[in-house]
Amino acid sequence: MSELLAEKQQKMVLSGSVKKGFSYLDTQSDNVDFNIIKNIILHGHHQGNVLYIIRDFANKKICQDVAEKFNQMVNRNGGGNRADDGFVLTNQIGATQFSRNGEEYMAEVNRVNGSVAELMSVADSYATESLFLNRTLEDLFLDEGIHFGPARYKNSYASFATFRRWLDNGVMSLMPHEDRAQLKFAQQDNFEISDAMTVTAFNVCLEAAQGGGELKMWNLDPDEPCRARFGVTDTGYPYPPHLLQGVESLSVRLNAGDIYFMNACHLHGVSSVSEGSRLTAGRFIGRLNNSKVVYWT
Ligand SMILES: O=C(O)CCC(=O)C(=O)O
Ligand SMILES: [Fe+2]
């Protein structure tokens, strides 16, 4: 295909919204601007910045201990809790709502909760806070009269994090995707996260790749017709990287101990790991209304 034709085809295929001043911000752990975190969670960006990285926030020794425990557990049980679902190849400990409604997600949370607890047994409550900032986020939102806590479905609560080592498919470690489309499954049984106005992914980098494994984001928040054209209406996953070549993007390296908040409605993915291995723990955070912000995995 000629380059011109490819470009024309891409313009036809991709549609959605873009951010003016699309970029990211990073800072050191002694200089965190909580307004930026709040703006990304509540509005999807801070002055166009869709990603906020706080370098060296989590204790490196804790990150290493969790990574070691993760390896032990995954080696013992042959890859973790997430079977090959035909989508994402990963070693994973923890639940995911991907392709699950409220009932199914909570069943999964309950099934794997013991594994998450075993993994986190290496961290005391202080260390757990240093990884996931629960108390900090509770206080931050409480100041604004907003409740922050786990998403609820009937009598069950969402898990606090899922631990994942994305396994390369030869093109990328994790293909370009967005994480709002999958909320369609939550709509099936009115699981409250289906009301999320914007989806933020919060991650902590527990282990960094020595080569590759960069987080990449594109300046596109796909709309419904765009999802339909790619056949990803209910999943948001995957978008072929070559079709995104002309889209403005950013790419960042993460190191063990870095935490980051990103607008997960924008397309994002992880490049191939050429050396070493990469482990992140993450959760999604969404604002349901003016008084409630919840997280799930
Ligand atoms: O592993 C990462 O850095 C990003 C994973 C991701 O896609 C997400 O947290 O939504
Ligand atoms: Fe994602």
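Each value in this text was obtained by applying a stated rule to the coordinates, not by laboratory testing. Because the structure is a prediction, the values reported are computed rather than measured. Quick reminder, even Gly has a Cβ in these numbers, built from the backbone with ideal geometry, and neighbours come from all protein chains shown.
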(request) Enumerate by residue number the trypsin sites (Lys or Arg not before Pro) in the range 16-114 meeting two conditions: DSSP loop (anything except H, G, I, E, B), and at most 16 other Cβ atoms within 10 Å of the site's Cβ. (result) Lys20
(request) Could you pull out every one of the aspartates and glutamates with an alpha carbon less than 18 Å from that of Lys61, ignoring same-chain neighbours closer than 8 positions? (result) Glu118, Asp124, Glu129, Glu207, Asp258
(message) Quick check: net charge around Val232, other residues with Cβ under 14 Å of its Cβ, Lys/Arg +1 and Asp/Glu -1?
(response) -2
(message) Quick query: amide H of Gly44 versus all other amide H atoms, modeled in the peptide plane; which residues come in under 5 Å with a sequence gap of 5 or more or a different chain?
(response) none
(request) Output the peptides 257-265, 85-93 sorted from most to least packed, where packing is the average of other Cβ atoms within 10 Å over each peptide's residues. (result) 257-265, 85-93
(message) Quick check for me: using +1 on Lys/Arg Cβ and -1 on Asp/Glu Cβ, what's the dipole size of the chain about its Cα centre, in debye to the nearest 20?
(response) 280 debye
(request) Show which aspartates and glutamates lie in cross-link reach of Lys38 when reach means a straight Cα distance below 16 angstrom and same-chain residues fewer than eight apart are skipped. (result) Asp26, Glu138, Asp139, Asp143, Glu144
(request) Return a whole-number percent for the relative contact order of the range 14-296, with Cα pairs under 8 Å and 6 or more residues apart as the contact set. (result) 28 percent
(request) Please give every one of the lysines within straight-line cross-link reach of Lys184, meaning a C-alpha to C-alpha distance under 19 Å, and leave out same-chain neighbours fewer than 8 residues apart. (result) Lys154
(request) Find the Rg to Rh ratio for the range 14-296, where Rh is the Kirkwood radius over alpha-carbon pairs and Rg uses the same atoms. (result) 0.92
(message) Past 27 Å, Cα to Cα: identify those pairs from Lys60/Lys292; Lys19/Lys292; Lys20/Lys216, in the order given.
(response) Lys60/Lys292
(request) May I ask which residue of Gln188, Leu215, Phe148 lies farthest towards the positive end of the charge dipole of the chain, with charges of +1 (Lys, Arg) and -1 (Asp, Glu) on Cβ and the Cα centre as origin? (result) Gln188
